[in-house]
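Here the structure comes first, spelled out in structure tokens, and everything after it is commentary.
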């Protein structure tokens, strides 16, 4: 999977990219390998370029976030249309979804506002031959595009809406594609051993435990070592990946202690 | 500027990408336009591809974060070497920097550990014809590579080290290149008006105030509107960009109130 996040606010450091983090976590937990995140400006050509480049790498899935709303700077649908060389047109199913939302809002507000203004019609103006996805908690529908070898999903940037559409519509599909592959992880900590001393020990344990990926994350300076060791496995559930992780973790703990480090392992 | 962040932990949702956020904020405040952030795995080919792709877009600066440390999964220097088709070799200046650090550490630890092990030499093994940058708070030096039209900076992933090298060595250079261009911003809030109603008002104010970029950020659902309006200008200081922002903000506030919305402007 690749993730493309659209939004100047992410590039100017106004907003932390929690969407990419959340999507990465969800997809990984489902056994999907997230290979790249790209963040681009609210510029049609930039969005289109990022989509074309991602497509060339042939991921099973591309998920975009942001740029589906009613304002001038919501340009993701235009970017997708440009990338795929498709026209934008009112999508009747999307328009029906938008109308239902505004009819609901009208009931809860003093002034009924059901009129489909140009800004509202924009949220239902999709590239041709695409499918809207129900937005259970907001107005702008998500969009699904089936391409050769890749499914592209466009999600809104508001986290609650992005999460709701992903959970309702995309998770079931990912589960079907991924099958029984699972992702398992566990952390241990090492004190009193510099990362540069730890490096060859990690190499040894990884060589002896195929499939286990071990990454060290220094939590303090090299000379006052407190290091998180994060062990991960992506495998079939029947291969008992957590047992594999625990075996590797115990081996590393022994090596650390033999080298005068302190290994902190929660079991 | 483009930012390339290297690290599986960012893609699997283990770690929030605060480095990209911090760099985006710093660069923007200096008047530098951050056009793209790319996050890739700890895989040499992925890093090399991201660097080659960024170079083709000819940014003035590319900043990478992560992958400079002593462990097997620190692969950014190898990725840069591959992207530039250069050999990796011990850089004597970098080696001297690393040695100084371990000599310092030895003074503060029970067991003197000044030996330059392979894992430590790795941090001084740079692509040929590159320049190490002093790391004031950690071990791995940063790396500077001057390319045709682009300067590439490789920074560590540990936030305190990344920030220290950026501040000490890169900020002065950016200031020289950017000159007297500044970035100014201000937020106002709009209640009681749906984003879809606000959209045409923003269009009007942007047309009337060239150079002001206005972006709306819904902070709640469309039917219970509370929207942050973020106004930004990048201009020369003598053009008084903050005055431009305030003028546009006042115009938008008037339009909002005329349309039964509530504009909240802090002055």
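The values are calculated or read from the model by the stated rules, or taken from the named source; none is laboratory data. From a predicted model like this one, the values you see are computed outputs, not experimental measurements. Cβ sites come from the backbone with ideal geometry, for glycine too, and all protein chains shown count toward neighbours.
For the reader, a short list of remarks on this structure follows.
- Taken as a whole, the stretch B:87-99 holds at least one residue that is within 12 Å of chain A (Cβ to nearest Cβ) and on the phi < 0 side of the Ramachandran plot.
- Residue-level analysis places residue B:15 outside the set of residues that are more than 9 Å from the chain's Cα centre (by Cα), modelled with pLDDT of 95 or more and in a strand (DSSP E or B).
- Restricting the stretch B:158-173 to residues that are out of contact with any helix residue (DSSP H, G or I) (no Cβ under 7 Å at 6 or more places or on another chain) and surrounded by 18 or more Cβ atoms within 10 Å (Cβ to Cβ), the residue that is nearest to residue A:227 (Cα to Cα) is B:158.
- One residue stands out in the stretch B:118-152 among those that are out of contact with any helix residue (DSSP H, G or I) (no Cβ under 6 Å at 6 or more places or on another chain) and within 14 Å of chain A (Cβ to nearest Cβ): the one that is farthest from residue B:171 (Cα to Cα), namely B:118.
- In the stretch A:37-54 there is no residue matching the filter, namely being more than 7 Å from chain B (Cβ to nearest Cβ), within 9 Å of the chain's Cα centre (by Cα) and in contact (Cβ under 8 Å) with a residue 60 or more places away in the chain.
- The helices (runs of 4 or more DSSP H) falling completely within the stretch B:153-253 that include 1 or more residues that are in contact with a strand residue (DSSP E or B) (Cβ under 9 Å, 6 or more places away or on another chain) and within 10 Å of chain A (Cβ to nearest Cβ) map to B:159-165, B:195-208.
- Candidates B:248, B:199, B:220 - the one that is without any contact (Cβ under 8 Å) to a residue 40 or more places away in the chain and crowded, with 18+ Cβ neighbours inside 10 Å: B:199
- In the stretch B:23-34, the residues that are surrounded by 18 or more Cβ atoms within 10 Å (Cβ to Cβ) and either under 17 Å from residue A:10 (Cβ atoms) or at the interface with chain A (Cβ under 10 Å from one of its Cβ atoms) (or both): B:23, B:24, B:26, B:27, B:28, B:32, B:34
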